[in-house]
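Below: the structure, in structure tokens.
The values are calculated or read from the model by the stated rules, or taken from the named source; none is laboratory data. Please read these numbers as outputs of a predicted model, since none were measured by experiment. Positions of Cβ are backbone-derived with ideal geometry, glycine not excepted, and every protein chain shown enters the neighbour counts. Just so you know, the surface numbers come from the protein's heavy atoms only, side chains and all, with ligands and any DNA or RNA stripped out. Shrake-Rupley method; radii C 1.70, N 1.55, O 1.52, S 1.80 Å.
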Amino acid sequence: MTTLAKRLGTWRYLMSHTALPVDVEMDGVSKWLIITRATVFTMTATSGLIGGLLAIGTAGAVVNYWYLALAVIGLVISHAANNMINDYFDLEGGVDTDEYFRAFYAPHPILSGWLSKAQLRNAILFANALDLVILLVLMLARGPLVAVFALSGLFISVFYVAPPIKLKHRGLGEPGVFVVWGPLMIGGTYFVATGVLPGWVWIASLPYAILVTTVLFGKHIDKISADTAKGIRTLPVILGEGRARRVAQVLMIAFYPIVIGSALVGWIGPFVVLVVLGIPLLLRVLGQFSSPRPDMPPHSYVGWPLWFVAGAFGHTRRAGGLLILGLFLNALLPGLRLPWT
């Protein structure tokens, strides 16, 4: 196998895992994929694509594909910046240490010795500078409403962990993620692509926002003991593990009737019913959330001590991919509608 092929395989691996196996050589790209936690970028790209495909599938909408592409790129860059901001401020606030949960499932960019505080801060500033350029271009094209979407997302991203607000510490991190990955990302991308924002788009943005929120619920359930010890009051800490697992299950289930209902009333085309193909995996993940985390990982399990977040992320990726496929088919065959719509 050539060096390039090996590296491509490594990068592909890191789009699904938070760290490299010990026997795999690190390269510069791999290092930054880990630092920015690129494994979760698919959720952001999916939100952007949902907004774009909703726009493309809207009868009579005029879509600017350059602006759409810029919006999706900007969203992914902002997610990279957000992940680095979380690591920076959690370290500054004394949350991230060598003994804290964060250090067990992936290398921390500073604690691992990969970057200094100044280098991580500069990387954050660079990513935000790139996003500022994209924002200015899109504002010139679509007006100041673009800034409202972007700056609202930036506010939630920064103050998710940054003082004095620290949304995550007050049980507001999960609602913040719901707002960002749904109305702000999906609605904002639709607006950038078309220059308009019909009311139904807000509702159409909710199902995937719910799924992304379940991923954060899973992560915070995994960390519930560590966060409780640190005084971090995430929603799972406030609810308690049993109730938090049940809430996560309800949210996963809710995705399906909202998507199918949106098709039944004619807001989006019929092919989104393909999401029902995600139900077998949903049932397995619901079973996983029905019991506490096992004391030991199953044989060959990758990612321990993460447990619930892995199930929620796998379901979100499957259901989100099926939703993207359905929206793509709706856009490809726009004339097809349910008889009563």
Practice item. Over the chain, give the accessible area per residue in Å² for a 1.4 Å probe, as an integer. Key: 45 Å²
**Study point:** Label-to-label distance, nm, for residues given as residue 23 and residue 119 (7 Å Cα→Cβ offset)
**Key:** 2.8 nm
Review point. Rounded to the nearest 0.05, what FRET efficiency is calculated for residue 197 and residue 165 with R0 set to 30 Å and r the Cβ-Cβ distance?
Key: 0.65
Practice item. Report the FRET efficiency, 1/(1 + (r/R0)^6), for residue 265 and residue 243, where r is their Cβ-Cβ distance and R0 is 22 Å, rounded to 0.05. Key: 0.10
Exercise for review: Find how much the distance from residue 137 to residue 111 grows on full extension, using 0.36 nm per residue of separation minus their present alpha carbon separation; answer in nm with one decimal.
Suggested key: 5.7 nm
Study note, to complete from the structure: Simple SL model, points at 7 angstrom along Cα→Cβ for residue 92 and residue 16; separation in nm is 3.7 nm
**Study point:** Segment residue 8-residue 302, length gained on full extension (0.36 nm per residue, minus Cα span)
**Key:** 103.8 nm
Point to revise | Debye, to nearest 20: dipole size of region 102-188, +1 on Lys, Arg Cβ, -1 on Asp, Glu Cβ | key: 240 debye
Review point. Under unit Cβ charges (Lys, Arg +1; Asp, Glu -1), what dipole magnitude, rounded to 20 debye, does region 170-260 have relative to its Cα centre?
Key: 260 debye
**Study point:** Estimated FRET transfer efficiency when R0 is 30 angstrom, pair residue 147-residue 325 (beta carbons, to 0.05)
**Key:** 0.40
Check your understanding: If you put +1 on each Lys and Arg Cβ and -1 on each Asp and Glu Cβ, how big is the dipole of the chain around its Cα centre, in Debye rounded to 20?
Key -> 440 debye
Revision key, fill the gap. Restricting to lysines and to Cα separations under 26 Å from residue 166, and discarding same-chain partners fewer than 8 apart, the set is 117, 219, 223, 230
Exercise for review: Return the single residue from 218, 153, 28 with maximal mean-square fluctuation; model: Gaussian network over the chain, springs between Cα atoms under 10 Å.
Suggested key: 28
